[in-house]
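The values are calculated or read from the model by the stated rules, or taken from the named source; none is laboratory data. These figures come from a predicted structure and were not determined experimentally. Backbone-built Cβ (ideal geometry, glycine too); neighbour counts: all protein chains shown. Calculation scope for accessible area: heavy atoms of the full protein, side chains included, ligands and nucleic acids excluded. Shrake-Rupley method; radii C 1.70, N 1.55, O 1.52, S 1.80 Å.
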Amino acid sequence: MTEIDTSVPHSARIWNYWLGGKDNYPVDEAAGDAYTAVFPGIVTIARSSRAFLGRSIRYLVEEAGVRQFLDVGTGLPTVDNTHEVAQRLAPESKIVYVDNDPLVLAHARALLTSTPEGATAYEDLTLYEPEKVLQAASRTLDLTRPTALILSGILGHVTDHDLARDLVRRLVAGLPSGSYLCVNDGSRGTDPDYEQAQDAYNETGAVPYLLRPVDKIEAFFEGLELVDPGVVSVPLWRPDGDAAAAPIGQHGGVGRKA
């Protein structure tokens, strides 16, 4: 296994730290604290993104009847991972996680718990090889049946927008009618402070994460039927309860393949 370097901060471990997870090191906490000193709202963005993931999976299971999930760019296990939310509602659900980070691979065993009725699997592949991803997923999922493709906080790492759209298109093309795409990613046009902090982070030489205008996030759903309310700031997507939700620089949506 590739050795994990704990001497430099790592974006997945920093995100894990912001989510309240334990799979991080002092160097990650220091980097995370440095970012929050500039932009405290990043913790809200991380946790709101996670909450959107949970609500969208709940919609897919309870209202759309989906029982198969392909989660590409999984990240580190935290709370309410895709399989935990889905199998809590429908124990027979099957989930395939895809990531190629040695750190995520090292913790993948936490993602491989499953109900007896369902299944989970982890595939060590990248977003950049969609056909291989689909082939590997077919070992666990029946890709002749509706499947939800989850892309949570991953497309911002693909800095070329045309390439990102092509990768999404190729993954969706391998799924049957009645399947769904669920995307949430960092956005521009809502929070200038977030944009300034993220641009500064990208200039440090770290692996960049690109915030996109909302219309470019909407473009990932081209050819799909958007589920109401469309692509919106994630706290505004089917929020729980009556609490007033304020928009943040993270947009998401769910679309159905006809």
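Comparing E92, E29, E63 in a Gaussian network model of the chain where C-alpha atoms under 10 Å apart are linked, the largest mean-square fluctuation is found at E63.
Computed from label points 7 Å out along Cα-Cβ, the spacing between R170 and V27 is 3.2 nm. Rg/Rh for the chain stands at 0.94; both radii use Cα atoms, and Rh follows the Kirkwood definition.
Fully extending the segment from R139 to E117, taken as 0.36 nm per residue of separation minus the present Cα-Cα distance, adds 6.3 nm.
Rounded to the nearest 0.05, what FRET efficiency do A206 and E131 have when you use their Cβ-Cβ distance and R0 = 30 Å? Plugging the Cβ-Cβ distance into 1/(1 + (r/R0)^6) gives 0.55. On the chain, 51 percent of the accessible area sits on carbon and sulfur atoms, based on a 1.4 Å probe.
Placing a label point 7 Å from the Cα of V38 along the Cα-to-Cβ direction, the residues of the range 204-242 with a backbone N closer than 13 Å are 204-209. Taking 0.36 nm per residue of separation and subtracting the Cα-Cα distance, full extension of the segment from A219 to A258 would add 12.4 nm. In this rough spin-label picture, where each label sits 7 Å from Cα along the Cβ direction, the D162-R109 distance is 4.6 nm. By the rule of a C-alpha distance below 22 Å, with chain neighbours fewer than 8 residues away ignored, the lysines paired with K132 are K94, K257. Between L149 and L70, Y180, L181, C182, the built amide H atoms are under 5 Å apart, and every one of these is 5 or more places off in sequence or on another chain. Distant-in-sequence amide contacts of L226, defined by a placed amide H-H separation under 5 Å and a gap of 5 or more residues or a different chain, comprise R256. Highest mean packing first, where packing is the average number of other Cβ atoms within 10 Å per residue, the peptides 73-80, 159-166, 50-57 line up as 50-57, 73-80, 159-166. In a GNM of the chain with a 10 Å cut-off on Cα contacts, which of S187, S177, S152 has the highest mean-square fluctuation? Greatest mean-square fluctuation among the candidates belongs to S177.
Over the chain, dividing the summed -39,500 (n - 2.57) contributions of all DSSP H runs of at least 4 residues by the number of residues returns a 222 nm mean residue ellipticity of -10500 deg cm²/dmol.
Shape class for the range 191-258, computed from the alpha carbon gyration tensor (a ≥ b ≥ c): oblate, with a/c not under 1.5 and a/b at or below b/c. Probing with 1.4 Å while keeping every protein chain in the model, the per residue accessible area of the chain equals 44 Å².
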